[in-house]
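Asker: The structure that follows is given in the form of structure tokens.
The values are calculated or read from the model by the stated rules, or taken from the named source; none is laboratory data. All values derive from a computational prediction rather than experimental measurement. Virtual Cβ from ideal backbone geometry, glycine too; neighbours counted across all protein chains shown. For accessibility, only protein heavy atoms count, side chains too; no ligands or nucleic acids. Shrake-Rupley method; radii C 1.70, N 1.55, O 1.52, S 1.80 Å.
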Amino acid sequence: MTLSSRRCLVLSIGLSGVWSSWGCSSDEAAPVSGKGGTAGQGAVGGTGGSVSGAAGASGTAGSAGSAVGGTGGSAAGTGGTAGVAPTGGTGGSGLVGGAGAGGAAGAVGGGAGGAAGGGAGAPAGGAGAGGGGGAAGKAGAGGAAGAGGSGGATVCAGKAVSFGKNGTGTASDAAHARVMVDLASDLPINNANRTVEFWAFVRSTDWVGETNTIYEYGTQNATAAGFGLDFGGTQSPTNGTIDPYTNGGYDNDNQATMLPTNVDQWVHFAMTWNGTAVITYVNGTARSTRMGTGGLHTEATQLTIGCNNPRFSCFGGYIDEFRMWSVARSATEIMMNYNKGLVGNETGLVGYWKFNEASGTTAADSVTSGGHTPHNGTLMSVMAAQIPTFVTPATPLPITCP
């Protein structure tokens, strides 16, 4: 913001009489004329202190007349430096008579006009046009420091398990790299309610149907005897699809995720069974609902993470934060918590694998509820060199701490 100000200085000096001089800085001021003899030369006013902004040099003051009736000097000086106006120059003494007509004064800091011998001389002409900007004001005191903002949620991304030895797209999955977990009596089977949820780092090449199964448990021995998730067979650059399946009965192929397939990305998937429908969520939003009759008949097997079982159609990306629940989580619960870590003692949580191990072939179960028997996972493959590994992804998992 630019401020405009007007400043005036009034000075009184006694020489052979009493006279007054004033100067103002403004856009323009009219000169004051007086009658008098030939002007005696007044001293040039001192230069004002410059603090900021350019200003003109002090004007040469009009001289006081030395003879009665003489005409005053009329020269206008060049503007002086802006700032606090200095005291004008000492006026020349004149003979008795009116003060000479003062010349147009310079900018702030102009010399004072000559004093008339017989009486108080008129002031030198009015102040001329002001110089550039006046002195800058003092800087204001600094404001009090604001209170610190509330801290954001702490990012809780750690490691993940990589199935990189499996193929992507239609490439060979001969490695059969996977994590096997025996949940024993904690595994939700038959028609029991359940939720299976996890994060997967899906590459653009992974969106190929029936060849990149992310997880499964159960069998194909009867209708609705399995429970798993694969990619759909119909894809587009702007909309990848998934196949939530139960091996008959509640399969729901080619369900739109509303996710692009031409980028590599972390995606959260959750599948629930509430006794009526298999509902699949993508990044907290329900994208597939499949209702039917007869219920589920999921058979008891080990949980296979990274492949189906026993067909060995396998996923080649990363998986993290894999959770098994013995309850059907609601849409609100999934939306509010899919991007948060768990404490481990949440109601209904029967298996929780963070995959934060430094190395080895064991993935710890992080459920902390009293009386819970840990169900650690085992990293497996056809050959030792192909076993899944714990890695720190270049793109961190977008999850916050509980």
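Asker: What are the residues in segment 154-195 that are β-branched (Val, Ile, Thr) and in contact with a Cys (Cβ under 7 Å, 6 or more places away or on another chain), if any? Don't jump to the end; show me each part of the working.
Answerer: Going residue by residue through segment 154-195, those that are β-branched (Val, Ile, Thr) are 154-155, 161, 168, 170, 179, 181, 189, 195.
Correct list: Thr154 only.
Asker: Here are the criteria: (1) assigned to a loop (DSSP other than H, G, I, E, B); (2) open to solvent by 10 Å² or more (accessible area, probe 1.4 Å); (3) within 24 Å of Leu397 (Cα to Cα). Tell me which single one Trp266 does not satisfy.
Answerer: Status for Trp266: all satisfied but (1).
Asker: Kindly evaluate Ile279 against the criterion of being within 28 Å of Thr389 (Cβ to Cβ) and in a strand (DSSP E or B). Before you say what the answer is, go through the steps one by one.
Answerer: Numbers: within 28 Å of Thr389 (Cβ to Cβ): no; in a strand (DSSP E or B): yes.
No; evaluated as a whole, the condition is false for this residue.
Asker: Of all residues in segment 182-223 being within 27 Å of Leu259 (Cβ to Cβ) and β-branched (Val, Ile, Thr), which is surrounded by the fewest Cβ atoms within 10 Å (Cβ to Cβ)?
Answerer: Thr205
Asker: Can you tell me which residue among Arg290, Arg323 is under 36 Å from the mean Cα position of the chain (by Cα), outside any loop (DSSP other than H, G, I, E, B) and basic (Lys, Arg)? Before you say what the answer is, go through the steps one by one.
Answerer: Details: Arg290 fails: under 36 Å from the mean Cα position of the chain (by Cα).
Result of the check over Arg290, Arg323: Arg323.
Asker: If a residue has to be open to solvent by 50 Å² or more (accessible area, probe 1.4 Å) and small (Gly, Ala, Ser) to count, how many in segment 332-349 make the cut?
Answerer: Selection size over segment 332-349: 0.
Asker: Has segment 224-236 got any residue that is β-branched (Val, Ile, Thr), open to solvent by 10 Å² or more (accessible area, probe 1.4 Å) and modelled with pLDDT under 95? Let's see the steps before the verdict.
Answerer: Within segment 224-236, the subset β-branched (Val, Ile, Thr) is 234.
Among the residues that remain, those that are also open to solvent by 10 Å² or more (accessible area, probe 1.4 Å) are: 234.
This time we only want the ones that are modelled with pLDDT under 95, so: 234.
Yes, segment 224-236 contains a residue that is β-branched (Val, Ile, Thr), open to solvent by 10 Å² or more (accessible area, probe 1.4 Å) and modelled with pLDDT under 95.
Asker: Further, regarding this structure: Which of the residues belonging to segment 179-219 are in a strand (DSSP E or B) and over 24 Å from Ala358 (Cα atoms)? Give the derivation first.
Answerer: Taking segment 179-219 first, the residues in a strand (DSSP E or B) are 179-181, 190, 194-202, 215-218.
Answer for segment 179-219, where residues must be in a strand (DSSP E or B) and over 24 Å from Ala358 (Cα atoms): Asn190, Arg194, Thr195, Val196, Glu216, Tyr217, Gly218.
Asker: Hey, does segment 168-178 have a residue that's among the small types (Gly, Ala, Ser), in a loop (DSSP other than H, G, I, E, B) and surrounded by 22 or more Cβ atoms within 10 Å (Cβ to Cβ)?
Answerer: If we filter segment 168-178 for residues that are among the small types (Gly, Ala, Ser), which is where we start, we get 169, 171-172, 174-175, 177.
Imposing the further condition that a residue be in a loop (DSSP other than H, G, I, E, B) reduces the set to 169, 171-172, 174-175, 177.
Adding the requirement that they be surrounded by 22 or more Cβ atoms within 10 Å (Cβ to Cβ) leaves 175, 177.
Yes, some residue in segment 168-178 is among the small types (Gly, Ala, Ser), in a loop (DSSP other than H, G, I, E, B) and surrounded by 22 or more Cβ atoms within 10 Å (Cβ to Cβ).
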